[in-house]
Amino acid sequence: MRNAIETRGLSYRAGSFELRDVELSVPAGSIYGFLGPNGAGKTTTIRLLLGMARPAGGAIRLLGHEVPAELPAALARIGYVPERPHVYGALTVAEAMRYHGAFWPDWDGAWADSLRRRFDLPADRRVSRLSKGETGKLLILLALGQRPELLVLDEPTDGLDPMVRRDVLTAVLDYVAETGATVFISSHLVHELERICDWVGVIDHGRLVAELPIDAFKSGVKRIRLAGAPPEPSDAPFTVLSRFDDGLATGETWVVRGWQDPMRQYFTGAGATVRDVVDLDLEEVFVELLRSSRHAVR
Amino acid sequence: MFQQMLLSGWRSSRWVLAPFAVAALGLPLLAMRTAGTAAREIYAPGQAVLMVMEVWAPLFPALAALLGIAVALAMWSWDHGGRHVYALSLPLPRWRYVLMKMGAGAALIGLPVGLFWIGSLMGVWSVDLPEGVRAYPLALGLRFLLATAIAYAAAFALAAGTKRTVTWLLIGLLVFVVGGSLIVDVIQPLLGVDGLPTPLDLLDAALIDWPGPFHVFGGNWMLVDV
């Protein structure tokens, strides 16, 4: 199995929102960051992947299982943390763990209990009385206790304080290091994903804008300050994501994708001077990518 | 799995079950105590007991209906609150989850139903029945069980749907009853016939008349009878 998650031509429509031809390929063993602004379609995509909503078209394959035909078999191997807490509030932490464990064939009660102690979750406290951070930890605990081959985390750290966020992500990374499980994590907290992901997919307005290894994602996008920039970059060996006046009379700034250093010659040939080539962090790349994709759609 | 489902069902419905359990135990007991008092104070004790029972009898099917509906709603409350996300993420076929949930609720209903039967027995034992009058605690208990189960099953099926589904269902029913009645009112004089069945007549025939599922609510609910 090369990909833990594969979708082909996945589409969905609900009211004015539409998901169009999403083609995800999440390599097995990777930590895949699914990035997108609020309302881009991250949660909808996850709901479609896990059979919680019915797609209008396309095919889904999870861990080699066709969805929805083999959904229970796929779900038995997947740990899922939803965007909003879904555990029954009237149960205590220990009861919630027993309840959850009853449904999963590979539930590891002893390990789940050691995680509970590590997270400092009181066994006899009702779920409804847990703080937001404690609830976040419990959800991760339940997902990890299943010993899943694939973790699907929908904004798992949204709204959590930095300490809890670190605890949660450390637990996930420890588990991945131990088992080699695949993680599909959606977030709009770009900096957080930058530290842990090795693959990135970007979704915006229901379209998958980019999907590539994080190194390629970051290193290929540069901000270039130019003097005497050519008016039309039609024959450029890279993609211009955006260009704008840098405020100086003589200069322009371009954000380009697919940049390699020998491409400086292109500007020299066009009579321009490259003043500076700056690396962007993931958030800047993300913003530029969205800006360019929205411009292209328009 | 079922044991855990039962536990969660108990947690979500115990405060709903508690008043019903008290009422199920107390109503038949109270009915018989009242009947016993009337039998002692009125010249024709047999007739007095039957008259008191006729007053109390409609409360039993009402209690059964409310109990069934309340437990069904309580069983689904957690799922609706969490938009069914937890249930949908479980690695088992959905029909199996629904059946287990339904079974857990049905098992929980056994508690007030059992108490109703005990209350009926205690009530019958606590009163000296006048001559010519007989007690039917077992039959009434079975009738109560059946009525509760039917109310529970119907409410469980309705509550399983989304708000939108239930709203459309109710709108459809309303349109059928009101629209159908208007059509019957218009057609009857045009055709020159009388006594065409209205939608309410059809519903009554399908659901309440024998062998309709809700027929049990309209039968004999007397704890003591001739």
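What follows draws every value from the coordinates through simple rules; no lab data is involved. In this text, all values refer to a predicted model and were calculated from it rather than measured experimentally. Reconstructed Cβ throughout: ideal geometry from the backbone, glycine too, with neighbour counts over all protein chains shown.
Things worth noting here:
- Once backbone amide H atoms are built at 1.01 Å from N, residue A:209 has A:202, A:203, A:204 as its partners under 5 Å, excluding neighbours fewer than 5 places away on the same chain.
- Degrees, to the nearest 10: A:109-118 long Cα axis against longest axis of chain A: 60 degrees
- Our estimate of slack between residue A:244 and residue A:212, defined as 0.36 nm per intervening residue step minus the Cα-Cα distance, is 8.9 nm.
- Estimated FRET transfer efficiency when R0 is 51 angstrom, pair residue A:277-residue B:171 (beta carbons, to 0.05): 0.20
- 3J(HN,Hα) couplings calculated from phi for the range B:189-204 with the Karplus curve 6.51 cos²θ - 1.76 cosθ + 1.60 (θ = phi - 60°) are, in sequence order, x, 5, 7, x, 10, 10, x, 5, x, 7, x, 5, 4, 5, 5, 4 Hz; Gly and Pro show x.
- Within the shell of other residues whose beta carbon sits under 12 angstrom from the beta carbon of residue A:206, the net charge comes to +1, with Lys and Arg scored +1 and Asp and Glu -1.
- Nitroxide proxy distance, nm - points 7 Å out along Cα→Cβ at residue A:236 and residue B:1: 5.7 nm
- Förster radius 56 Å - calculated FRET efficiency between residue A:265 and residue A:70, Cβ distance, rounded to 0.05: 0.60
- Cross-link pairs A:42/B:163; A:42/A:218; A:137/A:222; A:137/B:163; A:42/A:132; A:137/A:218 - those with Cα-Cα distance over 29 Å: A:137/A:222; A:137/B:163; A:137/A:218
- Cα long-axis angle, helix A:162-179 against chain A (0 to 90 degrees, to the nearest 10): 80 degrees
- P(r) weight above 14 Å for the range A:220-297, C-alpha pairs, percent: 60 percent
- Rounded if a/c under 1.5, otherwise prolate or oblate - chain B, Cα gyration tensor axes: oblate
- Size of charge dipole - chain A - debye, nearest 20, with Cβ of Lys, Arg +1 and Asp, Glu -1, no other charges: 600 debye
- Cα gyration tensor shape for chain A, rounded if a/c is under 1.5, else prolate or oblate: prolate
- Hypothetical label at residue B:30: residues of the range B:121-165 whose amide nitrogen lies under 17 Å (7 Å Cα-Cβ projection): B:121-124
- The protein assembly as shown, Rg to Rh (Cα coordinates; Rh as Kirkwood inverse mean 1/r): 1.17
- Oblate is the label for the range A:103-165, because the ratio a/c of its alpha-carbon gyration tensor axes (a ≥ b ≥ c) is 1.5 or higher and a/b is not greater than b/c.
- The calculated FRET efficiency for the pair residue B:18 and residue B:162, based on their C-beta separation and a Förster distance of 22 Å, comes to about 0.15.
- In sequence order, the range A:252-266 has phi-based couplings of 9, 10, 10, 10, 10, 10, x, 6, 9, 4, x, 6, 4, 4, 4 Hz under the Karplus curve 6.51 cos²θ - 1.76 cosθ + 1.60, θ = phi - 60°, and Gly or Pro positions carry x.
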